[in-house]
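The block underneath contains the structure these notes are about, expressed in structure tokens.
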Amino acid sequence: MRTISIVDDWSNLRLPAEIVSILKQAKSVCFPKDRDEVFRKAMGDTDADVYEVAYDIPNKGLTTEATVVRCKNGLAINYSEPEMRRRDPDCLVVGDALPTDKCAFADRFGFYFDVLRAETFDWLKKQNLCVMAFILGGHGEESGRGALLIAPSNAGFFLGALADLQGLLSPEAIPRNFLVNAIIYLAPPFRHTHFGGRQVVVHNRMEDIHEVFSYNLYPGPSAKKGVYGVLLNFGEEGDQITLHGSTVQVVTPYDNVTTFMHEGASGSGKSEMLEHVHRQGDGRIQIGKNVMNGEERRLTLNQTCTLHPVTDDMAMCYEESNGSSGYLTVFDAEKAWFVRVDHITHYGTDPHLEALTIHPQEPLLFLNCNAVPGSTCLIWDHIEDAPGKPCPNPRVILPRHLMPLVVDKPVDVMIRNFGLRTPPCTAANPSYGIAGYLHILPPALAWIWRLVAPRGYANPSITTSEGLSSEGVGSYWPFATGCRVDHANILLRQIRDTPKVQYTLTPNQHVGAWAVSFMPQWIAREYLARRGTARFPIERLKRHVVLCSVIPPSRCRLRV
């Protein structure tokens, strides 16, 4: 395929004049050509072992937003404020006037976004900038559906996160059919000057370009979920919808293959679905520990299934293939995975993941993990938000090509599981933790779960989590910019058009009075894979109404 160079010829990208003006007036503009150059930018283009990402804030002075430490196995990034270490669930606002059920910028802040947009552009023109090109969805260079990141050059680690998650296109090798459909603008100081220190990400849907304005340096709401919001917007227009789910092909010891997708709100176990069952030192599996009396129950399972990971968080669907196969056909919308490791609390918890991160084939990016220069960053050594209080959202970004047995082609999903974080539930203190180890759902009820998508107990990924609040339609609603009913109908049509798919639900954290971590989904994965994809006989199913009649209404705080 013929290529162009954005270094030499911006006109081929058909950029709006105001964007060209930013690039022409900036102090300098660099176009990183590869991952090594991006990682060098993350250290301020120096050989230093520690680099502070700081900005001059009016009436506040030079303010450090994050510190980057060079380690043996990558770069460790830590934020100065605990509030910046995980996503604010209300950070997305819409700056345009197109149909939306989300909060409009003017309604929340009292002035029109056009004013701030112009101020942001003026600020960028005074900076040393880095510009990075990538393909939306991480794959499919032939589509030409491209995007740009325009960021201050000292935020190299943010570029590195996006470069890993979506893939960096060399400025000398942009496909000829590359068309900019989205632009992310990074302007961290504005959270101090305009938003009281809060995370804010503004989506501005224009006729030809979807703009994302990121006013903070944590990549979760913008480099990760901001791109997700752009993909969802394209899905509303009749293209491929992108589901909030991990996908794995499970191969039994006797070579049967079952493909699972695990969906749910942030913290519901998507990344964990790609992990092997955690074992104790003697090789047995602890399936639960009673929080009342300390009793433990264990299982002996000599050989578990082999896992072939497909997606970690964003599964793009092939809508045109669903009707013919009866299954849901998906492929990964990312080129790397934003893996949360809060459940890795000591050496030996997950030898598979520990080996990948301690001795990686190439340097990795770690967020919210404790590290000193020249050390090996360890995924169980989490930074503390306060003395004795570890950050609940430590992360590592794992490029897909480093994952063993990863699947690089579309797959047919046979079982769609839904995860729910559940609190302890006892006779003295009843709660929605009454859910059982595994529930078989009819398609209609599966759709309802995806409309409500409860966040559940002790959500580690967002800054606030109280009671049984709702993540919203598809569990991806916090990242969407359109209308709920449109996405509800898309999900309904999707379920209707894939009649061969079966639906299940597994809790995590607790089952009744038993602390179970993510064991229910791991055990269910082993059991269902060994059963194959045969339908469950109706007489074998026990009928229960979960989260309805079993919980007194006064104790069920469900906000939709």
Inset, instruction - Obtain the nm distance between the two label points defined at D408 and T306 by a simple spin-label model: each point lies 7 Å from its Cα along the Cα-to-C-beta direction. - result: 1.8 nm
Legend entry - Accessible-area order (highest first, 1.4 angstrom probe) of the listed residues S268, S375: S375, S268
Inset, instruction - Could you work out the relative contact order of the chain, using alpha carbon pairs under 8 angstrom and six or more residues apart, expressed as a whole percent? - result: 17 percent
Legend entry - Gyration tensor (alpha-carbon) shape descriptor, the chain, a/c threshold 1.5: prolate
Inset, instruction - Quote the accessible area belonging to I379 in square angstrom, nearest 10, computed with a 1.4 Å probe and with ligands, DNA and RNA left uncounted. - result: 0 Å²
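One-quarter of the Cα convex hull surface for the stretch 107-231, in nm²? Show your work: numbers first, answer last.
Details: hull surface 31.1 nm².
Over all viewing directions, the stretch 107-231 projects a mean Cα-hull area of 7.8 nm².
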Inset, instruction - Taking a cut-off of 24 Å between Cα atoms, list the lysines near K289, but don't count ones fewer than 8 places away on the same chain. - result: K270, K389
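Which percent of the accessible area of the chain is formed by carbon and sulfur heavy atoms (probe 1.4 angstrom)?
On the way: 11340 of 22020 Å².
Within the chain, the accessible surface is 52 percent carbon and sulfur.
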Inset, instruction - Describe numerically, in nm with one decimal, the distance between label points set 7 Å from Cα along Cα→Cβ at A534 and at A118. - result: 7.0 nm
Inset, instruction - Could you work out how far apart the two model spin labels at C483 and R40 are, taking each label as a point 7 Å from the Cα in the direction of the beta carbon, and quote it in nm? - result: 5.1 nm
Inset, instruction - Work from the charge dipole of the chain (Cβ charges, +1 for Lys and Arg, -1 for Asp and Glu, about the Cα centre) and give the residue of Y112, A155, T242 farthest towards its positive end. - result: T242
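FRET efficiency for C103 and M206, Cβ-Cβ distance as r, R0 = 22 Å, nearest 0.05?
Values: r = 19 Å, r/R0 = 0.87.
According to the calculation, E is roughly 0.70.
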Inset, instruction - Would you kindly find the accessible area of K126, with a 1.4 Å probe and non-protein molecules such as ligands, DNA and RNA excluded, rounding to the nearest 10 Å²? - result: 130 Å²
Legend entry - the stretch 53-97: trypsin sites (Lys or Arg not before Pro) in DSSP loop, at most 16 other beta carbons within 10 Å: K60, K72
Inset, instruction - Convert each backbone phi in the stretch 74-91 into a coupling constant with the Karplus relation 6.51 cos²θ - 1.76 cosθ + 1.60 (shift: θ = phi - 60°), then list the ³J(HN,Hα) values in order as whole Hz, x for Gly and Pro. - result: x, 10, 10, 10, 9, 9, 5, 10, x, 5, 8, 8, 7, 6, 7, x, 10, 6
Legend entry - Coil-residue chymotrypsin sites (Phe, Trp or Tyr not before Pro) of the stretch 76-167, DSSP, other Cβ within 10 Å capped at 13: F111, Y112
Legend entry - Given charges at Cβ of Lys, Arg, Asp, Glu: the chain dipole, positive-most of V38, M273, I19: M273
Legend entry - 26 Å Cα-Cα threshold exceeded, pairs from K60/K225; K335/K500; K102/K224; K41/K72: K60/K225; K335/K500
Inset, instruction - May I ask you to rank T259, T300 by accessible area, largest first, using a 1.4 Å probe over the protein chains only? - result: T300, T259
Inset, instruction - If a/c stays under 1.5 just call it rounded; otherwise compare a/b with b/c (prolate if a/b is bigger, oblate if not). Do that for the stretch 1-137, with a ≥ b ≥ c from the square roots of the Cα gyration tensor eigenvalues. - result: oblate
Inset, instruction - Can you send over the solvent-accessible area of M206, 1.4 Å probe, protein chains only, in Å² to the nearest 10? - result: 80 Å²
Legend entry - C-alpha long axis of helix 225-236 to longest principal axis of the chain, angle in °: 80 degrees
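Find, among the GluC sites (Glu not before Pro) in the stretch 173-256, those assigned to loop by DSSP (not H, G, I, E, B) with at most 14 other beta-carbon atoms within 10 angstrom. Don't skip to the end; give the middle numbers.
Details: sites: E207, E211, E236, E237; in loops: E207, E237.
Taking the stretch 173-256 and a limit of 14 other Cβ atoms within 10 Å, the loop GluC sites (Glu not before Pro) found are E207, E237.
The values are calculated or read from the model by the stated rules, or taken from the named source; none is laboratory data. Nothing here was measured: the structure is a model prediction, and the numbers come from that model. Glycine gets a Cβ as well: all are built from the backbone with ideal geometry, and neighbour counts include every protein chain shown. The accessibility values were calculated without ligands, DNA or RNA, using every heavy atom of the protein model including side chains. Shrake-Rupley method; radii C 1.70, N 1.55, O 1.52, S 1.80 Å.
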